[in-house]
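The values are calculated or read from the model by the stated rules, or taken from the named source; none is laboratory data. The structure displayed is predicted, hence computed values, not measured ones. Virtual Cβ from ideal backbone geometry, glycine too; neighbours counted across all protein chains shown. Please note that ligands, DNA and RNA were not included when accessible areas were found on the heavy atoms of the full protein model with its side chains. Shrake-Rupley method; radii C 1.70, N 1.55, O 1.52, S 1.80 Å.
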4 protein chains.
Amino acid sequence: MPLMKAAVFVEPGRIELQDKPIPDVGPNDALVRITTTTTICGTDVHILKGEYPVAPGLTIGHEPVGIIEKLGSNVQGYREGQRVIAGAICPSFTSYACQDGYPSQDGGCACHGYKPMGGWRFGNSIDGTQAEYVLVPDAQANLAPVPDGLSDEEVLMCPDIMSTGFAGAEAANLRIGDIVAVFAQGPIGLCATAGARLRGAGTIIAIDGVNERLEIARRLGADVTLNFREVDVVEEILKLTGGRGVDASIEALGTQTTFESALRVLKPGGTLSSLGVYSSDLTIPLGAFHAGLGDNRIVTSLCPGGKERMRRLLNVVASGRVDLKPLVTHQYRLDDIVAAYDLFAHQRDGVLKVAIKP
Amino acid sequence: MPLMKAAVFVEPGRIELQDKPIPDVGPNDALVRITTTTTICGTDVHILKGEYPVAPGLTIGHEPVGIIEKLGSNVQGYREGQRVIAGAICPSFTSYACQDGYPSQDGGCACHGYKPMGGWRFGNSIDGTQAEYVLVPDAQANLAPVPDGLSDEEVLMCPDIMSTGFAGAEAANLRIGDIVAVFAQGPIGLCATAGARLRGAGTIIAIDGVNERLEIARRLGADVTLNFREVDVVEEILKLTGGRGVDASIEALGTQTTFESALRVLKPGGTLSSLGVYSSDLTIPLGAFHAGLGDNRIVTSLCPGGKERMRRLLNVVASGRVDLKPLVTHQYRLDDIVAAYDLFAHQRDGVLKVAIKP
Amino acid sequence: MPLMKAAVFVEPGRIELQDKPIPDVGPNDALVRITTTTTICGTDVHILKGEYPVAPGLTIGHEPVGIIEKLGSNVQGYREGQRVIAGAICPSFTSYACQDGYPSQDGGCACHGYKPMGGWRFGNSIDGTQAEYVLVPDAQANLAPVPDGLSDEEVLMCPDIMSTGFAGAEAANLRIGDIVAVFAQGPIGLCATAGARLRGAGTIIAIDGVNERLEIARRLGADVTLNFREVDVVEEILKLTGGRGVDASIEALGTQTTFESALRVLKPGGTLSSLGVYSSDLTIPLGAFHAGLGDNRIVTSLCPGGKERMRRLLNVVASGRVDLKPLVTHQYRLDDIVAAYDLFAHQRDGVLKVAIKP
Amino acid sequence: MPLMKAAVFVEPGRIELQDKPIPDVGPNDALVRITTTTTICGTDVHILKGEYPVAPGLTIGHEPVGIIEKLGSNVQGYREGQRVIAGAICPSFTSYACQDGYPSQDGGCACHGYKPMGGWRFGNSIDGTQAEYVLVPDAQANLAPVPDGLSDEEVLMCPDIMSTGFAGAEAANLRIGDIVAVFAQGPIGLCATAGARLRGAGTIIAIDGVNERLEIARRLGADVTLNFREVDVVEEILKLTGGRGVDASIEALGTQTTFESALRVLKPGGTLSSLGVYSSDLTIPLGAFHAGLGDNRIVTSLCPGGKERMRRLLNVVASGRVDLKPLVTHQYRLDDIVAAYDLFAHQRDGVLKVAIKP
């Protein structure tokens, strides 16, 4: 039985590189040899710390860029040796939730087909992508060929943070000329800023506490940047909009402060598009919510997956609309992944995203 | 100067019938002689109690059914003597907020055109409808002729609770065959139930603590009724849906309990449509919110107004689609309005809505 | 090799009952024993006449009601012996077109995943349902369990005409109180009328040339019926709406006359929702199209399929919202299907739909 | 009675500069002194030729940039001397059509409030903008202040062609990464190309017969340009998309050829967004329409107006998102307007748009 290297969750605080068998390929699967897998995602750090529980022995990671090694007997229209990505969210597309428009909440054949975050399988409910090989389930629905001429580095944001960040802009339902505020400029927030620009927002206000990130936000499309360590962000945005408020705000961190600020800066009728992963109950202040009478919306999104989503994102990259390469600040070999986790978990050295290569 | 009777807010705890001058008619106004004005709305009780502040001396009430007495010089296409209603929300339709799709948040020419609940003028920022006459501002946009053959009783829910309740069903974005839960079956909730039926929901679950209200809910379209005094509503709804949850829930009361329950019964991907007027901060429980990753929406709506909205609602009544007459449980003369307030504020005698006639 | 009876297209003008092998079951398939299959659809008559070409030897029919006989090895969450339906349109849900929101245009792994009407497979590209058994492909996505207590007759409209007719109302984007005209009251048009009622239309105008059909239209929700043999329909509708026109019109026949009339009665801003299968080029009259400046929409829909769509429709039937049993005017045994085709193709004896039982 | 110069339609073939009285200002009006009025629009040429009938004596033109000279007594929130634009379409915003979401089809108080193109008043039903002064009706709804620092040349596309072209992209319902084809690259088509870019299209294919226009299309966002004199456009687009077709096509000319090509290149499920003003009946080819079963949409749009629309467009200009100055190829004084008409009507000298200054 041939073996491969894989980054495995052992116990809280410990992820190790281990040898595991290269998986068998069922009729609807594809085996992909990983050439680059970006990561480490914030979620992976939660897993490492034991804050988000996964089964011991699971391979971690959910952002695959690679080459088809072997196709299942029912998978058609691809060829072995083809370069592909797959979404971090990897739904079956056959369940009730998927047909209902919520593939990211795919419950498979159980629970009437719905399960919160159920479409997220890599590194969560099945072995992930921080390995030499990954088995892609429901491959017919999830393998997305990479257009010729694009490098691994150019496409490795597509599976997760580009899809997520853009989804935040899409769910904000922006119109041409809208004013939007994006709270937090980590990798997801930066992609939300780029997404807001792509949707035609007229004024994009980016907020963070790190000036280097605000600088990248400007390059990706922000018109105004605010450092929350220097100004009262809510006050400043209301001033910038003459008291009107923004058409939409995007929350990209997952804290009460950013959520609440995102609500306070909204015009009556405005939309709060939330991307953050929260870790405690949230409070909606009565005033910011206009007692429930402000015609406002709070919308949450989980990263969209599937090969059609990936195809569109790859097209955006191929057309040169957005350049997310500045987000890849570090490169590591898979053999050194423990060190990469250490860097990322402690957010040292201005790290945004780390590319891991087997 | 001719006088009229009007129910006037004097001070917290005191509304009185007083003589006031019949107002002058400006070029964009219409003077309407009130034939019936439904009320008393829950909001009026808040005003009476001093919980929602209005200027002393203001005439209260916001649901007019009457006859055009006099038209302003710029108002065209109507005739004096014509029977009309106007929405409780009475926007200018010319401000930025109105053109932006949020007429209920009309800020006029101030505040960049947005003001939370600014479209609500009758009995809030201008004299209201619990009087012999009311001056309708921006009459060209707000006067809606009543089709022949409809009685005052049949149309007096259109200006406020029918428009509001239906808006709750509309904002829930229901599809044919959806499962929806409506929390609280007061007048607004009952209209939301009727609205959900009109939009094609396949299963409507109505919740309240009063069996008489649940009985009316059944007549207006509920398939299942749950008395929260008898069962654990959240548990029961999850059981009814096999653990899947509902496609949408409508909150029609304005409390933490109903808001939170409405969230807990949602499927991933589901929408909480909120109609209630809240009186304190709200808490979003982390689990019910799937940590922000459930593709859920929370949407709030204020009663839509304007003559086009009224025209559609009147058409629904004229076609016999919905019969809301059972909601009018009591009739009072304007002279006895203080007694009517007393009845309604204490929710005696199974009161749902009171019709007041000058 | 066990055999079954099947209605097979032999050559233009000839459909025969033949013995064919009961099909083998692949890993993603299900074999369903047919208990009732409604039909004959107008499309089947086109096939019979050779107007729509299919391969000689193909089993015809696309509306299955039956019992699971055997499940493929990958199909989970069902059991053999379970009563199910499947949509007339039976998509893979994994192709680009499916993930893009157009499963009825499913091109599988070819043509970049899009093929006009490609989701229609039964009796078109694979063996159909007018047989003792049918093989359902991509069964995980397409088998919809029938709720207890519903008869075959109550659910046999779900796979095709109910889904199609309702889609016409859904694509018309109706709002509560809208005025809608439905052109032609054959089975599809009658379902569109029922669908318009379900979506909250305030005034439904049904048009046909057969008074018996108009009578059924009234029972399904029409407020006004017009016989085009007796009145000038366009003129009458404009009169009924005071010259304004309707908010939406639904075309349910597939001729230039109905298409053009449906356009002529629209208000500026109105939507023409087209369901008909046309057999020649269409002309858009310049005036009815306001020279392209009327903010109008022409929208076409093919029957939506998939188990989630079927689940919603079955819920509507189970809740008693709509009773389509009056549409089944005749019953035949599969052995007599040639006679049933003869009756239906000549539209004798007031036939609307024929139920065929093996 | 003070006089002003105005370009007046006299009879087919003749537009003259005449002296007319400066108009009186009613309570809801504003008098604007024109500083620049772009023109001449293709519609104006239709008027000149007598193809589109207007009343003899009418002042022509509908794209105002100017300074408030005098405000009506009811118009609030503006000041005399303020620099403003108003939309070419100048609706009341109070009629049924306006409240229904179709202000461009504003019928005022007549015809139930709808009239095809009724929102277009300047140079159509009231005196237009090719004059020293123009009276803006319903000024509260239509005056849009110009942000400081923007020149007349930078904003003079907002009232008409920018609003129209962007509307074509908006009605196409583009998503991030979509493929779109824009047929014809005159001023409207160029703005549609810019609008498609603003909405996030991943691949924009611009089609025209003039290479200079295709060159400008590239600068405004086109990825691929096709000269219909050199290639078979339909064949080429199908080849470029691997036979899939485009997600949306935008028609910006108003001929059978462009309309039909725009339909033939669509994927099943795709949208044809039509902006052109047609001058004869249109034919929908059966095959390109998939016999009515392709889940396709044909959508028409008239230029959106109103101060909120103008505010958003001005914000786009102020943020530097789009630079439409290259479209202004010629400048004329109002005194020379007859010569400007001559140039534009004959499309000499590579003219795109002519700026006219009093």
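If you check B:Ser280 against the conditions, is it more than 9 Å from chain A (Cβ to nearest Cβ) and touching a residue at least 24 places away in the same chain (Cβ under 8 Å)?
Taking the combined requirement at face value, the residue does not satisfy it.
Going through A:Ile207, A:Ile188, A:Ile250 one at a time, which residue ends up being more than 14 Å from chain D (Cβ to nearest Cβ), of a type outside the set (Ser, Thr, Tyr) and in a helix (DSSP H, G or I)?
Only one candidate qualifies: A:Ile188.
Taking segment D:103-122 only, how many residues are open to solvent by 20 Å² or more (accessible area, probe 1.4 Å), assigned to a helix (DSSP H, G or I) and either without any contact (Cβ under 8 Å) to a residue 40 or more places away in the chain or over 12 Å from D:Gly306 (Cβ atoms) (or both)?
2
Out of segment A:258-308, which residues are β-branched (Val, Ile, Thr) and either more than 25 Å from B:Leu302 (Cβ to Cβ) or in contact with a Cys (Cβ under 6 Å, 6 or more places away or on another chain) (or both)?
Those that are β-branched (Val, Ile, Thr) and either more than 25 Å from B:Leu302 (Cβ to Cβ) or in contact with a Cys (Cβ under 6 Å, 6 or more places away or on another chain) (or both): A:Thr258, A:Val277.
Mind checking whether some residue in segment C:238-245 is on the phi < 0 side of the Ramachandran plot and within 27 Å of the chain's Cα centre (by Cα)?
There is no residue in segment C:238-245 that is on the phi < 0 side of the Ramachandran plot and within 27 Å of the chain's Cα centre (by Cα).
Which condition number does A:Ser125 fail, the rest of (1) within 28 Å of C:Arg311 (Cβ to Cβ); (2) within 14 Å of chain C (Cβ to nearest Cβ); (3) open to solvent by 40 Å² or more (accessible area, probe 1.4 Å) being met?
Failing condition for A:Ser125: (2).
Which count do you get for residues in segment A:168-185 that are open to solvent by 10 Å² or more (accessible area, probe 1.4 Å) and either closer than 23 Å to A:Asp106 by Cα or of a type in the set (Gly, Ala, Ser) (or both)?
3
When you check A:Ile216 against the structure, is it touching a residue at least 60 places away in the same chain (Cβ under 8 Å), open to solvent by 10 Å² or more (accessible area, probe 1.4 Å), β-branched (Val, Ile, Thr) and farther than 23 Å from B:Val299 by Cα, yes or no?
Criteria met by A:Ile216.
In segment D:321-348, how many residues are of a type in the set (S, T, N, Q) and either without any contact (Cβ under 8 Å) to a residue 24 or more places away in the chain or within 14 Å of chain A (Cβ to nearest Cβ) (or both)?
Residues flagged as of a type in the set (S, T, N, Q) and either without any contact (Cβ under 8 Å) to a residue 24 or more places away in the chain or within 14 Å of chain A (Cβ to nearest Cβ) (or both) within segment D:321-348 amount to 1.
Take D:Ala141 and decide whether it is out of contact with any strand residue (DSSP E or B) (no Cβ under 9 Å at 6 or more places or on another chain), under 24 Å from D:Pro56 (Cα atoms) and within 14 Å of chain B (Cβ to nearest Cβ).
Criteria not met by D:Ala141.
Is it the case that some residue within segment C:188-203 is polar (S, T, N, Q), within 21 Å of C:Val328 (Cβ to Cβ), within 20 Å of the chain's Cα centre (by Cα) and crowded, with 20+ Cβ neighbours inside 10 Å?
For segment C:188-203, residues polar (S, T, N, Q), within 21 Å of C:Val328 (Cβ to Cβ), within 20 Å of the chain's Cα centre (by Cα) and crowded, with 20+ Cβ neighbours inside 10 Å: present.
Do you know which residues across segment C:9-45 are open to solvent by 30 Å² or more (accessible area, probe 1.4 Å), out of contact with any strand residue (DSSP E or B) (no Cβ under 9 Å at 6 or more places or on another chain) and touching a residue at least 40 places away in the same chain (Cβ under 8 Å)?
Selection gives C:Glu11, C:Pro27, C:Asn28, C:Gly42.
Cβ-Cβ below 8 Å, separation at least six or inter-chain, first residue in segment D:236-249 and at pLDDT 95 or above and open to solvent by 40 Å² or more (accessible area, probe 1.4 Å), second of a type outside the set (Val, Ile, Thr) and assigned to a strand (DSSP E or B): which pairs?
D:Glu236/D:Leu226
Can you tell me how many residues within segment B:259-277 are assigned to a strand (DSSP E or B) and over 22 Å from the mean Cα position of the chain (by Cα)?
So the answer is 5.
May I ask you to say which residue of D:Thr129, D:Thr164 is under 24 Å from D:Val317 (Cα atoms), part of a loop (DSSP other than H, G, I, E, B), in contact (Cβ under 8 Å) with a residue 40 or more places away in the chain and under 19 Å from the mean Cα position of the chain (by Cα)?
Step by step, each of D:Thr129, D:Thr164 is checked, and only D:Thr129 is under 24 Å from D:Val317 (Cα atoms), part of a loop (DSSP other than H, G, I, E, B), in contact (Cβ under 8 Å) with a residue 40 or more places away in the chain and under 19 Å from the mean Cα position of the chain (by Cα).
For segment A:54-66, how many residues are open to solvent by 40 Å² or more (accessible area, probe 1.4 Å) and among the hydrophobic types (A, V, I, L, M, F, W, C)?
1
Any residue that is open to solvent by less than 20 Å² (accessible area, probe 1.4 Å), touching a helix residue (DSSP H, G or I) at 6+ places or on another chain (Cβ under 9 Å), more than 7 Å from chain A (Cβ to nearest Cβ) and within 27 Å of B:Gly42 (Cα to Cα) - is there at least one of those in segment B:292-305?
Looking through segment B:292-305, at least one residue is open to solvent by less than 20 Å² (accessible area, probe 1.4 Å), touching a helix residue (DSSP H, G or I) at 6+ places or on another chain (Cβ under 9 Å), more than 7 Å from chain A (Cβ to nearest Cβ) and within 27 Å of B:Gly42 (Cα to Cα).
Return the residues of segment B:25-72 that are farther than 18 Å from B:Ser125 by Cβ and of a type in the set (D, E, K, R); say none if nothing qualifies.
Scanning segment B:25-72 gives B:Arg33, B:Lys49, B:Glu69, B:Lys70.
If D:Ala318 meets every condition in (1) away from chain A (no Cβ under 14 Å); (2) over 16 Å from the mean Cα position of the chain (by Cα) apart from one, which number is that one?
Looking at each condition in turn, D:Ala318 falls short on (1).
Scanning for something more than 30 Å from D:Cys98 (Cα to Cα), out of contact with any helix residue (DSSP H, G or I) (no Cβ under 8 Å at 6 or more places or on another chain) and touching a residue at least 12 places away in the same chain (Cβ under 8 Å), does segment C:267-275 turn up at least one residue?
Taking every residue of segment C:267-275 in turn, none turns out to be more than 30 Å from D:Cys98 (Cα to Cα), out of contact with any helix residue (DSSP H, G or I) (no Cβ under 8 Å at 6 or more places or on another chain) and touching a residue at least 12 places away in the same chain (Cβ under 8 Å).
Select, from B:Leu282, B:Leu352, B:Leu313, the only residue that is in the same structural domain as B:Gln76 (by TED's automatic domain parsing) and open to solvent by less than 20 Å² (accessible area, probe 1.4 Å).
B:Leu352
Just to verify a result, which residue in segment D:129-167, among those that are at pLDDT 95 or above and polar (S, T, N, Q), is surrounded by the fewest Cβ atoms within 10 Å (Cβ to Cβ)?
Checking each candidate, the answer is D:Thr164.
Collect the residues in segment D:76-102 that are among the hydrophobic types (A, V, I, L, M, F, W, C) and either buried (at least 24 other Cβ atoms within 10 Å of the Cβ) or within 7 Å of another protein chain (Cβ to nearest Cβ) (or both), keeping them in residue-number order.
Those that are among the hydrophobic types (A, V, I, L, M, F, W, C) and either buried (at least 24 other Cβ atoms within 10 Å of the Cβ) or within 7 Å of another protein chain (Cβ to nearest Cβ) (or both): D:Ile85, D:Ala86, D:Ala88, D:Ile89, D:Cys90, D:Phe93, D:Ala97, D:Cys98.
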